[in-house]
Amino acid sequence: ETRSKIDESAVTAWSNNTTWRGLEILKTETAADGKTGMVEFIAQYKETGAYIRHHEIATFEKINDIWYFVDGTHPKPEQVISTGPKVGRNDPCVCGSGKKYKKCCGVNS
């Protein structure tokens, strides 16, 4: 329902100033009814001198055997949980230097 609202000249101008560097498809799913689907991807491109890495989960709808983009969302960040022992500021440094962590590898933490 939003396709008619797209500014084609703005999209064309953006596309002409963008250099595509790659597309990685991470995951695809099609619903049981075969009419909706999802694609998770990472697109990499260069725009005005900056390298961009765009990670998206896009939903699609199939109308008359043609897939149309419906919406896109960013995936939720995964929480990283440390499984190793915690190092305190006054503990010996993990690198084995003999210094306290806060005076060695933890100096910029």
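Kindly evaluate THR30 against the criterion of being open to solvent by less than 90 Å² (accessible area, probe 1.4 Å), at negative phi and of a type in the set (Ser, Thr, Tyr). Taking the combined requirement at face value, the residue does not satisfy it.
Working only within segment 66-85, note down all residues that are at pLDDT below 85 and of a type in the set (Ser, Thr, Tyr). Listed by number, the residues that qualify are SER82, THR83.
Out of the residues in segment 33-57 meeting the condition of being in contact with a strand residue (DSSP E or B) (Cβ under 6 Å, 6 or more places away or on another chain) and without any contact (Cβ under 8 Å) to a residue 12 or more places away in the chain, tell me which one is most open to solvent (accessible area, probe 1.4 Å). Walk me through it before giving the result.
Initially, segment 33-57 is screened for residues in contact with a strand residue (DSSP E or B) (Cβ under 6 Å, 6 or more places away or on another chain), giving 35-47, 52-57.
Filter once more, keeping what is without any contact (Cβ under 8 Å) to a residue 12 or more places away in the chain: 52-53.
Working: ILE52: 58, ARG53: 157 Å².
Across segment 33-57, the extreme among qualifying residues is ARG53.
Based on this model, can you work out whether LYS62 counts as at pLDDT 95 or above and over 25 Å from ASN16 (Cβ atoms)? When the stated conditions are applied, LYS62 passes them. So CYS95 clears everything in (1) touching a residue at least 24 places away in the same chain (Cβ under 8 Å); (2) open to solvent by 60 Å² or more (accessible area, probe 1.4 Å); (3) out of contact with any Ser or Thr (no Cβ under 9 Å at 6 or more places or on another chain) except one condition, right? Which one? For CYS95, the failing item is (1). One residue is enough: does segment 5-12 have a residue meeting the conditions touching a strand residue (DSSP E or B) at 6+ places or on another chain (Cβ under 9 Å), closer than 21 Å to TRP67 by Cα, part of a loop (DSSP other than H, G, I, E, B) and open to solvent by 50 Å² or more (accessible area, probe 1.4 Å)? The answer is no, given that none of the residues of segment 5-12 is touching a strand residue (DSSP E or B) at 6+ places or on another chain (Cβ under 9 Å), closer than 21 Å to TRP67 by Cα, part of a loop (DSSP other than H, G, I, E, B) and open to solvent by 50 Å² or more (accessible area, probe 1.4 Å). Where strands (runs of 3 or more DSSP E) fall wholly inside segment 36-109, the ranges with 2 or more residues that are more than 27 Å from SER4 (Cβ to Cβ) are 36-47, 50-63. Per the conditions (1) in contact with a Lys or Arg (Cβ under 8 Å, 6 or more places away or on another chain); (2) open to solvent by less than 90 Å² (accessible area, probe 1.4 Å), the sole criterion not satisfied by GLY22 is (1). Taken over segment 28-45, the residue count meeting the criterion of being touching an Asp or Glu at 6+ places or on another chain (Cβ under 7 Å) and within 23 Å of ASP65 (Cβ to Cβ) is 5.
Cβ-Cβ distances below 6 Å connect the following pairs, each with a first residue in segment 58-70 that is closer than 8 Å to GLY37 by Cα, a second residue that is part of a strand (DSSP E or B) and of a type in the set (S, T, N, Q), and a separation of six or more residues or different chains: GLU61/THR36.
The values are calculated or read from the model by the stated rules, or taken from the named source; none is laboratory data. Bear in mind that the values here come from a model prediction, so they are computed numbers and not experimental data. No Cβ is skipped: glycine too gets one built from the backbone with ideal geometry, and neighbour counts run over all protein chains shown. Remember, those area values only see protein heavy atoms, side chains included, never the ligands or the DNA or RNA. Shrake-Rupley method; radii C 1.70, N 1.55, O 1.52, S 1.80 Å.
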